[in-house]
Amino acid sequence: MNPLSRRNFLKSSAALSVGATLTAHAVTPRVHAAETNMLKLGIVGCGGRGCGAVGNALTADPEVKLVIAADVVEERAKAGIAGLKDQFGDRVAVDEILVGFDAYKQVLQSDVDIVLLTTPQHFRPQMLKEAVAAGKHIFAEKPVAVDGVGVKMIQDAAEEAKAKGLNLVGGLVNRYGASAQEVMRRIQDGAIGDIVTARGDRMGGSCWKRPRTEGQNEMEYQMTNWLNFYWIAGDYINDVTIHQLDIALWSFNDATPIGAYALGGRLVRRDTDAGDMYDSMSVVYEFADGRSLYAFSRQIPNCFSRGETTINGSKGRAVIGNLEAKASIYVNGEEIKVPRGNTSGYVVEHKVLIDAVRSGGQTYVNNASYMTNSTGCAILGCMAAYTGQYVTWDEMLKSTGDKPSAYAWDATPPTLPDEKGRYKIALPGEGWGYLD
């Protein structure tokens, strides 16, 4: 393996057992919901997805309210919470937003029943670990890590959550879509025969960017443009294409690949404000039983778009679009359409979590097994593309990402621009350098 010196992808770490699988089952919880019927929510990360998740939870159950919120950017958080108040009124009982890199700790120390973790994924492992230690039921947005050590931390925390009877639901929303579930049920019943291969396509336009403002230091700039920097986001395949990977892995009964190889690069992201990630990536994942999973990601404007997973069987194929945009089975050239569900998976995933919390242990949900498997696959594919090497699952599990000098606005991020404003990017077979 050709190590990536700046990212320390293959730094040694504790061995990880990937055999454990967490499934929904009944347990006797040590932590219960509040005595009243009203459940209290707390949120860490009040951006668009974070406030969207709060809205989904409040829609899922009328006896739920948001009582505490934290973020690192006060104005953005204020705008998001104000929008929620306009929509849900006094069920958004947040008067003051907690601000700062450590503000999440106050949320975990509060008396909330459920905490929503919706920050950029770099922060997810540590926050989830502390949330379990604090005895909270958890909604964790996808993905859950940017390196193998983070995957290990999530799995360990999930085992502790299981022991405590704390429910954990992940934001891989297609798992909760009615049409996706129905297609998967038919696949498991043999509608397209034995599964041979699968392909996940996520072709989109440019990644959003926020302009650098006067007086803004590098840490502030990267945090407000987090989706353009690997140390925070883990590239497009981890942040977005993970949805298609997750569906494909679902059809493989959540098998773990043995390794992957990939192609990738920057075809159009050449400006100094383009961060350090790729804009295109193609990955081949290999499994012990000889099957392959293919993943294609692209962020290039003025090209065709697609967000769907194709599952190929010995008798036909199935196509599942992102967020139930499409759900069809094809046998002998004929399409069998599966109707879309009446309730968004974004709402259903919170309903499942809330109902499990209310049940007092009669039902239990813990999505950690497929959350970490799908996140690990995304990280594995990125490593293969960045290095140009064949990367094994075990090598992925030993990878460590980079961190800033501190979690503060005046900290130094792990990657810095040169005098021309360029960021080093991964050069397969070479290490890290610049594209002139």
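The values are calculated or read from the model by the stated rules, or taken from the named source; none is laboratory data. In this text the structure is predicted, and so the values were computed from the model without any measurement. Please note: Cβ atoms are built from the backbone with ideal geometry, for glycine as well, and neighbour counts cover all protein chains shown. Heavy atoms of the whole protein, side chains included, go into the accessibility calculation; ligands, DNA and RNA do not. Shrake-Rupley method; radii C 1.70, N 1.55, O 1.52, S 1.80 Å.
Overview of results
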read-out	value
Solvent-accessible area per residue, Å², over the chain with all protein chains present [probe radius 1.4 Å]	40
Pairs of Cα atoms farther than 15 Å apart, the stretch 390-436, %	64
In sequence order, calculated HN-Hα J values of the stretch 278-294 (Karplus, 6.51, -1.76, 1.60; Hz; x Gly/Pro)	7, 10, 8, 7, 10, 10, 10, 9, 10, 10, 4, 8, x, 6, 10, 10, 10
Cα-based Rg / Dmax (Å) for the stretch 268-328	15.5, 49
Theoretical gain in end-to-end length, Asn37 to Phe101 [0.36 nm per residue, Cα-Cα removed]	19.8 nm
Set of lysines with alpha-carbon distance to Lys136 below 30 Å, sequence-local pairs under 8 removed	Lys40, Lys65, Lys78, Lys85, Lys105, Lys152, Lys162, Lys164, Lys351, Lys398, Lys403
Tail fraction, Cα-Cα pairs, the stretch 41-111, threshold 13 Å, whole percent	58
Kirkwood hydrodynamic radius (C-alpha pairs) into Stokes-Einstein, the stretch 67-177, 37 °C and 0.692 mPa s, D in µm²/s	222
For the stretch 195-234: rounded, prolate or oblate by the Cα gyration tensor [a/c cutoff 1.5]	oblate
FRET E, pair Phe304, Asp189, Förster distance 51 Å, beta-carbon r, rounded to 0.05	0.95
Equivalent ellipsoid dimensions for the stretch 318-369 as semi-axes, Å, which come from the Cα gyration tensor, largest first	32, 12, 9
Size-normalised alpha-carbon gyration radius of the chain, reference 2.2 N^0.38 Å	0.96
For the chain, built as a Gaussian network whose Cα springs stay under 10 Å, the top-fluctuating residue of Met127, Met38, Met203	Met38
Segment Tyr434-Leu267, length gained on full extension (0.36 nm per residue, minus Cα span)	58.8 nm
Calculated Rg and Dmax of the stretch 294-407 using C-alpha coordinates, Å	19.3, 59
Net charge dipole size for the chain [Lys, Arg +1 and Asp, Glu -1 on Cβ; Debye, nearest 20]	600
Added length on full extension, which subtracts the Cα-Cα distance from 0.36 nm per residue, Glu335 to Tyr407	20.7 nm
Relative counts (whole %) of C-alpha pair distances in the stretch 160-222, using bins that are 10 Å wide	13, 21, 23, 24, 13, 5, 0
Compactness of the stretch 188-326, expressed as Rg and Dmax over alpha-carbon positions, Å	17.4, 61
Kyte-Doolittle mean at least -1.0 and Cα axial length at least 27 Å: DSSP H helices in the chain	368-387
Separation between Cα centres of the stretch 394-434 and the stretch 37-53, rounded to whole Å	31
Cα-based shape type of the stretch 358-436, given that a ≥ b ≥ c are square roots of the gyration tensor eigenvalues and the cut on a/c is 1.5	oblate
Percent accessible area from carbon and sulfur atoms, the stretch 229-378, protein chains only, probe 1.4 Å	49
